[in-house]
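Chemist: The following block contains the structure, expressed as structure tokens.
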Number of protein chains: 2
Amino acid sequence: MPSKTPSENDFLQSYDPRGFDPVAVTVDVVALTIRDGRLHVLLVRRGEPPYIGQWALPGGFVRNEDLEEAAARELAEETGLVPGDLDRVHLEQLGSYGRPGRDPRMRVVTVAYLAFAPWLPDPKAGSDAAAAEWTPIAETRQLAFDHDRILDDGLERARSKLEYTPLATRFVGDEFTISDLRAVYEVVWGEQLHAGNFHRKVLSVPGFVESTGASTERGGPRGGPRARLYRRGDARQLHPALLRPSREDEIR
Amino acid sequence: MPSKTPSENDFLQSYDPRGFDPVAVTVDVVALTIRDGRLHVLLVRRGEPPYIGQWALPGGFVRNEDLEEAAARELAEETGLVPGDLDRVHLEQLGSYGRPGRDPRMRVVTVAYLAFAPWLPDPKAGSDAAAAEWTPIAETRQLAFDHDRILDDGLERARSKLEYTPLATRFVGDEFTISDLRAVYEVVWGEQLHAGNFHRKVLSVPGFVESTGASTERGGPRGGPRARLYRRGDARQLHPALLRPSREDEIR
DNA sequence: TATGTTCTTCTCATGCCGAGTAAGACTCCA
DNA sequence: TGGAGTCTTACTCGGCATGAGAAGAACATA
């Protein structure tokens with residue numbers, strides 16, 4: 001048998017945690033929803049040092065469960081979701097953050113998840129209602145740890161995913177109008193879209209939406225005809241994609 | 001002060017690793033390069049149980065360093081790269097895998113990274129040459145742990161990134177021809193591309209490549225005129241993107 | 001009823017894309 | 001040396017997606 005190399009020794013030692021500084025693994029969740037026409041993120045106010053009194057992303061220690069299960073559990077605990085509701089929530093892994101010193105107490109590697117839902121209950125029962133809140137994105141300031149960076153990465157992921165997946169349909173109800181869908185894009189992307197072109201585009205992408213045949217009972221609150229209602233289609237990717245206008249500055 | 005909720009207690013306890021089963025954090029690297037016109041991945045042969053004798057992705061325990069540093073270190077150790085070489089290697093986080101039981105010995109959460117380089121030295125000095133090898137993608141079989149899944153995710157990420165980033169220029173040398181670049185796309189995507197359209201497309205994307213003014217000294221090995229040489233441009237995103245043909249089956 | 005808003009469809013000019021063609025430069029082999 | 005085959009580069013053509021604008025009909029509110 002060949003003698004073990006330094007890197008192999010490291011690998012073997014890695015299974016004996018006493019050989020190294022202890023590491024904790026947590027999950028943090030960037031949970032997004034749209035309320036009152038604005039994009040909101042779920043934040044909790046810290047009741048202990050460090051960063052006491054500051055807002056942070058909800059999260060916690062990983063138990064004997066898969067990482068995604070841990071994220072779903074944390075989200076459910078903070079929002080009071082019941083298991084059935086979770087089917088309506090889109091959850092995906094965002095990335096991991098493990099810079100030494102990101103938590104002053106000990107080494108903590110966190111796996112961040114991104115969650116979307118059309119509505120989510122107010123934080124309540126099962127959680128500390130006074131310490132968790134839906135906050136408009138524009139009003140978030142100075143989160144604890146490196147959560148500002150995680151939130152930024154989550155927002156960019158969300159904006160990008162609207163382009164080539166039917167994710168926007170997760171922000172609306174079971175039946176929705178094309179304008180409802182357009183409102184999602186406008187809120188998340190933060191820009192106005194051309195109503196006519198958006199309409200044409202959505203209907204032309206196969207599997208994005210399917211017609212219910214029905215229409216809304218009334219026109220819009222400020223006038224306009226009744227709009228046709230649609231359901232989510234079966235596409236998992238949008239082809240061709242709905243690209244954001246004006247990203248020229250991000251290209252280089 | 002409000003009483004602490006269960007989830008907050010969990011969070012606090014998370015900083016006392018004695019309160020929970022110990023967790024190890026590793027990094028694993030999906031290192032890709034092109035050799036002899038085929039896509040290769042760096043694999044190591046395991047010399048210890050479990051999965052003794054099977055091939056696995058290179059990886060190891062995270063020390064007192066950032067996650068990306070750990071991945072770069074592991075890659076350098078296996079390939080004998082010197083620090084200067086690392087500038088030429090593209091490294092990005094792929095995702096984290098933490099299913100309980102993925103390692104039979106204890107709970108291990110791994111953060112996977114994806115690495116690309118135009119050439120990488122054969123595994124040697126500083127590593128166990130007999131136990132690490134560049135393997136053609138088509139010949140990889142039954143990797144240890146959940147590394148098959150990680151490799152698949154890495155390949156899909158690489159294929160996807162070629163579409164909308166200038167990543168392909170990381171697989172070629174400093175000066176290259178359009179055909180060199182096309183060969184990268186063909187090898188990674190596993191399909192033939194239309195030479196004329198590819199040429200037009202690459203030159204029309206702003207910042208993808210820039211001309212050096214020079215040409216190759218000779219024609220191709222089987223004939224053809226001398227080709228013009230190009231350098232990497234300054235674009236970070238390709239706009240418009242070079243989309244893969246025939247993904248129709250993946251859309252739904 | 002009058003006015004303004006919104007949904008939906010259309011038109012038009014522009015530009016990208018896949019497929020095919022072609023000229024010329026080059027290598028290899030007989 | 002000559003011919004066959006290869007490859008780079010450029011061009012054309014039809015189809016399709018896109019952005020901008022316009023228009024008609026349906027609806028709410030005053």
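Chemist: Take every Cα pair under 8 Å in region B:165-250 that's 6+ residues apart, average their separations, divide by the length, and report that relative contact order as a whole percent.
Modeler: 34
Chemist: Taking the protein assembly as shown, how many lysine pairs are there with alpha carbons less than 20 Å apart, if each pair must be eight or more places apart or span two chains?
Modeler: Taking the Cα cut-off of 20 Å, the pair count is 5.
Chemist: Then there's this: In whole Å, what three semi-axes, largest first, describe the equivalent ellipsoid of chain B built from its Cα gyration tensor (square root of 5 times each eigenvalue)?
Modeler: Its equivalent ellipsoid spans semi-axes of 39, 22, 17 Å.
Chemist: Taking the Cα-to-Cβ direction at residue A:139 and at residue A:227 and moving 7 Å from each Cα, how far apart do the two end points lie in nm?
Modeler: So the two model labels end up 2.5 nm from each other.
Chemist: Is it possible to state the helix-based mean residue ellipticity at 222 nm for chain B, with each DSSP H run of 4+ residues giving -39500 (n - 2.57), the sum divided by total residues, to the nearest 500 deg cm²/dmol? What is it?
Modeler: Calculated from helices alone, the mean residue ellipticity at 222 nm is -7500 deg cm²/dmol.
Chemist: Just from the alpha-carbon atoms, what are the Rg and Dmax of region B:151-203 in angstroms?
Modeler: For region B:151-203, the Cα radius of gyration and maximum Cα-Cα distance read 11.0, 32 Å.
Chemist: So, one more: So for chain B: antiparallel DSSP bridges make up what percent, rounded to the nearest 5?
Modeler: Of those bridges, close to 75 percent are antiparallel.
Chemist: Over the Cα atoms of region A:165-250, compute the convex hull volume and normalise it per residue, giving Å³.
Modeler: That works out to 109 Å³ per residue.
Chemist: Round to a whole angstrom and tell me the spacing of the C-alpha centers of region A:47-76 and region B:196-218.
Modeler: Each part reduced to its Cα centre gives a spacing of 49 Å.
Chemist: Next question. Rounded if a/c is under 1.5, else prolate if a/b beats b/c, else oblate: with a ≥ b ≥ c from the C-alpha gyration tensor eigenvalues square-rooted, which is region A:22-161?
Modeler: In terms of gyration-tensor shape, rounded.
Chemist: May I ask you to derive the relative contact order of region A:15-157, considering only C-alpha pairs under 8 Å and at least 6 residues apart, and to give it as an integer percent?
Modeler: So the answer I get is 33 percent.
Chemist: Applying 1/(1 + (r/R0)^6) with R0 = 51 Å to the Cβ-Cβ distance of residue A:194 and residue B:35, what FRET efficiency is obtained, to the nearest 0.05?
Modeler: Computed FRET efficiency for residue A:194 and residue B:35: 0.60.
Chemist: If contacts are Cα pairs under 8 angstrom and at least 6 residues apart, what is the relative contact order of chain A in percent?
Modeler: Computed value for chain A: 18 percent relative contact order.
Chemist: Under a Cβ-Cβ cut-off of 14 Å, what is the net charge of the residues other than residue A:224 that fall near it, where Lys and Arg count +1 and Asp and Glu count -1?
Modeler: +3
Chemist: For the protein assembly as shown, place one equal point scatterer on every Cα, skip the solvent, and apply the Debye formula. What is log10 of I(q)/I(0) at q = 0.08, 0.10, 0.11 Å⁻¹?
Modeler: -0.59, -0.91, -1.07
Just so you know, all these numbers are worked out from the coordinates, no wet-lab data involved. Everything numeric here is computed off the predicted structure, so don't read it as measured data. Here Cβ is always computed from backbone atoms with ideal geometry, including for glycine, and neighbour counts include all displayed protein chains.
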